[in-house]
Amino acid sequence: METHDNQGFSHDEFKLNKSGFDMAMPGHKTDHPTDMVLRQEPRTARKEGSGISLPYETRLEMGLMLDEHLCALNVALHQYTKHHWLTEGAESFGSLHHILDEHIDVTQDHIDSVGERVARLGVVPTAHPVTQHEISYIKHEVEGRYTMRDFLRNDLEHEIKIQGMMRKTIKRAHSLNDFGTVQVLEEILLKREDLGYHIWSLLEDDTLVRGMNHLMDRENDMAVNRTLNPNLKQ
């Protein structure tokens with residue numbers, strides 16, 4: 001998977017100081033008419049509250065963390081959609097095409113749930129697609145067609161990273177008594193673990209497609225797998 005410097009941040013850190021307009025950030029500059037009435041800057045929290053009885057500092061911190069999950073889920077959605085379009089082969093064109101359909105539908109639901117929670121905390125969620133990719137702690141694979149195993153491996157790395165970062169937010173939300181965020185993310189995390197298990201199972205060595213190669217190469221059709229990113233914490 002393509003690496004990214006994450007604008008000086010570790011991939012295991014949340015960008016809590018990325019709040020408000022940043023003219024170096026894609027999507028924060030516009031050619032739209034300048035007579036639009038600005039009510040709130042991006043990735044900021046309402047000072048006056050939002051109807052949820054949590055302190056401003058808690059709402060801002062949780063909102064920023066959730067916004068990164070929102071961005072990551074959008075990146076995962078785009079990559080799943082690409083792989084859905086490019087499925088091919090005896091085992092992939094039919095069954096995997098439908099499995100990725102489910103992953104796309106679930107991810108769309110999760111994007112909506114997280115975005116709604118960000119808004120309820122009084123924070124402006126990131127919606128510009130380029131800005132989402134910059135803020136996200138996962139990055140889209142490089143363009144092009146690759147093997148289905150490569151596609152799925154990259155998707156699995158995304159799922160493992162999303163799970164790990166969500167656990168960090170759940171732990172932090174518990175400490176801040178933000179149990180609403182806990183409930184939203186716990187439900188999503190359980191389903192993301194399910195999606196990760198689906199991909200892991202698809203990448204197992206067993207296969208129904210053998211052909212005649214096993215008679216020639218004596219490899220017994222054992223798939224040769226690339227390992228996951230060694231820097232990826234599980």
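The values are calculated or read from the model by the stated rules, or taken from the named source; none is laboratory data. The structure displayed is predicted, hence computed values, not measured ones. Quick reminder, even Gly has a Cβ in these numbers, built from the backbone with ideal geometry, and neighbours come from all protein chains shown. With ligands, DNA and RNA removed, areas are computed over all heavy atoms of the protein, side chains included. Shrake-Rupley method; radii C 1.70, N 1.55, O 1.52, S 1.80 Å.
The share of accessible area on segment 26-103 that comes from carbon and sulfur is 55 percent, using a 1.4 angstrom probe.
For the listed peptides 17-25, 190-198, 153-161, a ranking on the average number of other beta carbons within 10 Å per residue, highest first, reads 153-161, 190-198, 17-25. For segment 145-189, the extents of the C-alpha atoms along the principal axes are 45, 14, 11 Å, listed from largest to smallest.
For THR44 and GLU116, the FRET efficiency from 1/(1 + (r/R0)^6), where r spans their Cβ atoms and R0 equals 25 Å, is about 0.90. Rolling a 1.4 Å probe over the protein heavy atoms leaves THR147 with an accessible area of roughly 80 Å².
For segment 53-62, backbone phi angles converted through the Karplus equation (6.51, -1.76, 1.60; θ = phi - 60°) give residue-by-residue couplings of 7, 10, x, 3, 4, 5, 4, 5, 4, 5 Hz, Gly and Pro being listed as x.
Mind ordering 55-62, 97-104 by average Cβ neighbours within 10 Å, highest first?
So the peptides 55-62, 97-104, ranked by packing, come out 55-62, 97-104.
Remark: segment 22-103 carries 54 Å² of accessible area per residue (probe radius 1.4 Å; ligands, DNA and RNA excluded).
Arrange the peptides 66-74, 171-179, 133-141 so that the one whose residues have, on average, the most other Cβ atoms within 10 Å appears first. Display every interim value, and only then the final one.
On the way: 66-74: 25.9, 171-179: 15.1, 133-141: 22.2.
The packing order, highest mean first, is 66-74, 133-141, 171-179.
Using the Karplus relation 6.51 cos²θ - 1.76 cosθ + 1.60 with θ = phi - 60°, the per-residue 3J(HN,Hα) values for segment 106-119 come to 5, 5, 4, 5, 5, 4, 5, 5, 5, x, 5, 5, 4, 5 Hz, with x marking Gly and Pro. FRET efficiency for the pair SER95 and ASP12, taken as 1/(1 + (r/R0)^6) with r the Cβ-Cβ distance and R0 = 30 Å, rounds to 0.30. If the segment from ASP35 to PHE21 were pulled out straight at 0.36 nm per residue, it would be longer than the present Cα-Cα gap by 3.3 nm.
Note that segment 109-176 presents 40 Å² accessible area per residue, ligands and nucleic acids not counted, probe 1.4 Å.
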